[in-house]
Amino acid sequence: MKITVIGAGHVGATAAHRLAEMQLATEVVLLDIVEGIPQGKALDMFESGPVGLFDTRILGTNDYSDTANSDIVLITAGMARKPGMSREDLLMKNANIVKQVTDQVMTYSDNPIIIMVSNPLDVMTHVSYVRSGLPKERVIGMAGVLDSARFRSFIAEELDVSMQDINAFVLGGHGDSMVPVVKYTNVAGIPLTELLPQERIDALVERTRKGGAEIVNHLKDGSAYYAPAASAVEMIEAIVRDRKRILPCSVQLDGQYGLNKVFIGVPVKLGRNGLEEIIEIDLDQTAREALQQSAAIVETNCNNLSSVLA
Ligand SMILES: NC(=O)c1ccc[n+]([C@@H]2O[C@H](COP(=O)([O-])OP(=O)(O)OC[C@H]3O[C@@H](n4cnc5c(N)ncnc54)[C@H](O)[C@@H]3O)[C@@H](O)[C@H]2O)c1
Ligand SMILES: O=C(O)C[C@H](O)C(=O)O
């Protein structure tokens, strides 16, 4: 198994190290446009092998030929936002980066599974899907796992219970219009609505929606990376180990939820073939409308990119 991580910044480097420690690949390639950074970080990670107890080879490079025949490619290249910015403010710059990165990846790997991280997430997944020519099962965006992890961590803290017992789904686009689905949120099977009053649930939902911005406002010069990297690696682990995990991911819908040809976060089954099934859950009217609103924003942003995608 060969896994390439494009972008050796905060998310990319953190994910590469985690992939190596978990021995999810025999070889991890870390590529960045800046000379020296991927080489230095990869060597540093490799040297942690004897104490981290892993044998994964890690190569840092600026040369796409080193990514040849990758099974999985994690794309984290691009700008991160700063306080006051929305993820959409990154649209044009990152679309050009993701387009160029995808073209290079596809020059050296015939049939990789691409996991997108760069923002705005759903639109960048669309860009990579269009440029790569890969089937939709092989281009998947990471956001729902992160947004759900945030919601789960806030619920665990509020109830003073183990994170392990919290199940939650956050669907929709990875933006202010994301859709935390309280109906499917439970603590060891007990519906959240039986454990918390509605106003506390509303507060946790609101904090989840703004979870990315909360961290940007602390960091001042960049965005979250520990939870995002862990979330991307959870998706990769499901694929590498053919776990058939049900995780919320951004995938292209084909009529499900009344939506067509748009990338949006929904529950899917992830296994060796990438996206193995889109799961259509019953949503109440408010959640269904919120999902459709979220999808409309993604569609508008994709339409604004026709010149980049030409
Ligand atoms: N989907 C999510 O939930 C999620 C979570 C966190 C971050 N993100 C996004 O991920 C992206 C990366 O975030 P980060 O914190 O790692 O940023 P970062 O600035 O730390 O790293 C980005 C890296 O991309 C590299 N890069 C830029 N252009 C490139 C190119 N053409 N080819 C190769 N590498 C290139 C930069 O040199 C840099 O090292 C951002 O767009 C951010 O918004 C998304
Ligand atoms: O908030 C950001 O810009 C980064 C990422 O999308 C996040 O949710 O942490």
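The values are calculated or read from the model by the stated rules, or taken from the named source; none is laboratory data. The structure presented is a predicted model; accordingly, all values stated were derived computationally and were not measured. Here the Cβ positions follow ideal geometry from the backbone for every residue, glycine too, while neighbour counts run over all protein chains shown.
Summary of computed values
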{"read-out": "Candidate set from the range 73-95 (those that are more than 19 Å from Ala8 (Cα to Cα) and either touching a residue at least 40 places away in the same chain (Cβ under 8 Å) or within 11 Å of ligand 1 (Cβ to nearest atom) (or both)); member that is surrounded by the most Cβ atoms within 10 Å (Cβ to Cβ)", "value": "Arg87"}
{"read-out": "Residues satisfying the stated conditions in the range 289-308, i.e. in contact (Cβ under 8 Å) with a residue 24 or more places away in the chain and either in contact with a His (Cβ under 6 Å, 6 or more places away or on another chain) or surrounded by fewer than 13 Cβ atoms within 10 Å (Cβ to Cβ) (or both)", "value": "Cys302"}
{"read-out": "Any chance Thr76 is within 16 Å of ligand 2 (Cβ to nearest atom) and either at positive phi or of a type outside the set (Phe, Trp, Tyr) (or both)", "value": "yes"}
{"read-out": "Any hit, the range 261-268, residues being in contact with a Ser or Thr (Cβ under 6 Å, 6 or more places away or on another chain) and among the aromatic types (Phe, Trp, Tyr)", "value": "yes"}
{"read-out": "Pairs, first within 15 Å of His10 (Cα to Cα) in the range 40-55, second among the β-branched types (Val, Ile, Thr), C-beta under 6 Å, six or more apart", "value": "Ala42/Ile58; Met45/Ile58"}
{"read-out": "Among residues of the range 131-162, those that are under 22 Å from Val308 (Cα atoms), more than 14 Å from ligand 2 (Cβ to nearest atom) and in contact with a strand residue (DSSP E or B) (Cβ under 9 Å, 6 or more places away or on another chain), counted", "value": "7"}
{"read-out": "Residue list for the range 221-246, restricted to those being in a loop (DSSP other than H, G, I, E, B) and at negative phi", "value": "Asp221, Ser223, Ala224, Tyr225, Arg241, Arg243"}
{"read-out": "Residue satisfying condition, being farther than 19 Å from Gly274 by Cβ and either over 16 Å from the mean Cα position of the chain (by Cα) or touching a residue at least 40 places away in the same chain (Cβ under 8 Å) (or both), within set Ser118, Ser148, Ser132", "value": "Ser148"}
{"read-out": "Test for Thr208: is it modelled with pLDDT of 95 or more, within 12 Å of ligand 2 (Cβ to nearest atom), outside any loop (DSSP other than H, G, I, E, B) and among the hydroxyl-bearing types (Ser, Thr, Tyr)", "value": "yes"}
{"read-out": "Positions within the range 186-225 being in contact (Cβ under 8 Å) with a residue 24 or more places away in the chain, of a type in the set (Val, Ile, Thr) and closer than 28 Å to Ser86 by Cβ, in sequence order", "value": "Val205, Thr208, Val216"}
{"read-out": "Test result for Val98, near ligand 1 (Cβ under 10 Å from one of its atoms), touching a residue at least 24 places away in the same chain (Cβ under 8 Å) and under 19 Å from the mean Cα position of the chain (by Cα)", "value": "yes"}
{"read-out": "Tally, over the range 258-288, of residues that are part of a strand (DSSP E or B), at positive phi and surrounded by fewer than 20 Cβ atoms within 10 Å (Cβ to Cβ)", "value": "1"}
{"read-out": "From the options Ser65, Ser132, Ser70, residue that is hydroxyl-bearing (Ser, Thr, Tyr), over 30 Å from Val216 (Cα atoms) and buried (at least 24 other Cβ atoms within 10 Å of the Cβ)", "value": "Ser70"}
